[in-house]
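The values are calculated or read from the model by the stated rules, or taken from the named source; none is laboratory data. Please read all numbers here as calculations on a predicted model, not as lab measurements. Positions of Cβ are backbone-derived with ideal geometry, glycine not excepted, and every protein chain shown enters the neighbour counts.
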Amino acid sequence: VRGAKNGQVVHVAIEHYPTPHKPPVGQVTEVLGHAQDPEVELKSVFRKYGVHEEFPPEVLDEAERIAAHPPADEKGKRKDLRDRMIFTIDGEKAKDFDDAVSIEKMNPGYRLGVHIADVSYFVPEGSALDEEAFERGTSIYYPDGVIPMLPFPLSNNICSLKPREDRLTMSVFIDYDKQGNVTGSQVFNSIIRSQHRFTYTQVARLLEKRDPDPGFEDAMESLVAMQELSRRLRRNRFKSGSVNFNVPEPEILFDDEGRIQNIVIAEHNIAHELIEEFMLAANQAVARYLWDKKVPSIHRIHETPDEDRIAQFNEFIQSFGMRLKRTHHVRSTDLQHLLERVKGHPEERTINTLLLRTMKKAQYSESDPGHFCLGFKHYTHFT
């Protein structure tokens, strides 16, 4: 049993599965630790779902080699944006910064820039890194940490848009008129140098008091312009059919020993809304770009809800004196109007939650029927 003691959690490889007359037989492959240890509970979940915390040596070696020798000649092949006011806005605990934003006031309107770390450049097709990333599929975020899809020398270093460091990116520039309507867009390879690493809390405070903290004076004009544009984009989005499910998200707080200290409602301030609008805009712009170029790609789709489920939902909300205009061929604008009517009422959370459960799940697809709940004709996950 590899030295396991009573009360410890172990990982077992089953050699003979149970029958009606015999118990299972297995071999202990790893002793995880004591059952009440939070770290052991976490490891148990990882083992249960086949999640690997460590990277194979050859993958780590490849990542460290690439991170140690970034390509100097690539900089001359990309549009140089290093002199622009570009910065990141992330959570307080974030260590990997994969998107940055910029804005220019045009006459008239705005030019929004969204810059995404060009990770694919550093992952050669068919390499050990590529194969490991394929196996993992995604980074896994849990309340107090992350298991990255790529090793930290890439994800937290050369592919992280750290301030005052040259980084390779894919940039999307979107032009808007004064009302926030798209007038044009372009996508290209770029190189940036982030000027600041902002947190959501910092940006919200700066925008509320309009008095820059020392060291952030140069970014204040951009932040104010971003707030102006994001408000117009948000207004236009809900007017055009996006559904705003106002369902609070929980945030789990831990003490120094990794034990749960409290569960609170996650903060969602004006800085969160700003980044949310810009990421949605970039994803939509790239989806349109690929569609116009007739490039086969993976779309993020959300299909129209099932009519029977909408009818059941409509029957339920009638007990609150509410009803939908239609249950056949329901539109996203119908649902948004309902949520606006119920806002601030005691039944708001119940109706929001039930309507969310009535929706179909969003999924990835080669076809492109659009995104129902966002009200977008084309949408993908670029950011």
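Just a few scattered comments:
- Flag if LEU338 is surrounded by 14 or more Cβ atoms within 10 Å (Cβ to Cβ) and in a helix (DSSP H, G or I): yes
- Residue match in the stretch 40-51 (condition: outside any helix (DSSP H, G or I), within 26 Å of the chain's Cα centre (by Cα) and charged (D, E, K, R)): no
- Every residue from the stretch 160-190 that is more than 22 Å from the chain's Cα centre (by Cα) and either among the aromatic types (Phe, Trp, Tyr) or within 20 Å of LEU150 (Cβ to Cβ) (or both): GLU165, ASP166, TYR176
- Looking only at the stretch 102-133, and only at residues there that are small (Gly, Ala, Ser) and not in a loop (DSSP other than H, G, I, E, B), the one that is farthest from the chain's Cα centre (by Cα): ALA128
- From the options PHE254, PHE313, PHE320, residue that is farther than 24 Å from GLY375 by Cβ, in contact (Cβ under 8 Å) with a residue 12 or more places away in the chain and not assigned by TED's automatic domain parsing to the domain that holds MET226: PHE320
- Condition check for SER194: among the hydroxyl-bearing types (Ser, Thr, Tyr) and over 20 Å from LEU280 (Cα atoms): yes
- Selection within the stretch 88-101 - part of a strand (DSSP E or B) and more than 17 Å from ARG232 (Cβ to Cβ): THR88, ILE89, ASP90, ASP99, ALA100
- So GLU307, is it over 24 Å from the mean Cα position of the chain (by Cα), closer than 30 Å to GLU251 by Cα and either exposed (fewer than 15 other Cβ atoms within 10 Å of the Cβ) or in the same structural domain as LYS239 (by TED's automatic domain parsing) (or both): no
- Test: residue in the stretch 135-155 that is surrounded by 13 or more Cβ atoms within 10 Å (Cβ to Cβ), among the aromatic types (Phe, Trp, Tyr) and outside any strand (DSSP E or B): yes
- Selection count, the stretch 306-323, where residues are in a helix (DSSP H, G or I), farther than 18 Å from GLU348 by Cα and among the acidic types (Asp, Glu): 2
- Of all residues making up the stretch 228-247, the number that are polar (S, T, N, Q) and outside any helix (DSSP H, G or I): 3
- Criterion (exposed (fewer than 14 other Cβ atoms within 10 Å of the Cβ) and farther than 30 Å from LYS43 by Cα) met by exactly one of ARG259, ARG237, ARG232, ARG210: ARG210
- Residues (in contact with a strand residue (DSSP E or B) (Cβ under 9 Å, 6 or more places away or on another chain), over 24 Å from TYR176 (Cβ atoms) and part of a helix (DSSP H, G or I)) located in the stretch 201-227: GLN202
- Any hit, the stretch 259-275, residues being touching a Leu at 6+ places or on another chain (Cβ under 8 Å) and part of a helix (DSSP H, G or I): yes
Conditions tested, residue by residue: (1) closer than 23 Å to LEU229 by Cβ; (2) surrounded by 19 or more Cβ atoms within 10 Å (Cβ to Cβ).
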position	(1), (2)
GLU74	no, no
LYS77	no, no
ARG84	yes, yes
ILE89	yes, yes
LYS93	no, no
ASN107	yes, no
GLY113	yes, yes
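- Of all residues in the stretch 10-44, those being loosely packed, with under 14 Cβ neighbours inside 10 Å and without any contact (Cβ under 8 Å) to a residue 12 or more places away in the chain number 11.
- Restricted to the stretch 168-193, and to residues there that are among the hydrophobic types (A, V, I, L, M, F, W, C) and out of contact with any Lys or Arg (no Cβ under 9 Å at 6 or more places or on another chain), the residue that is nearest to LEU112 (Cα to Cα) is VAL172.
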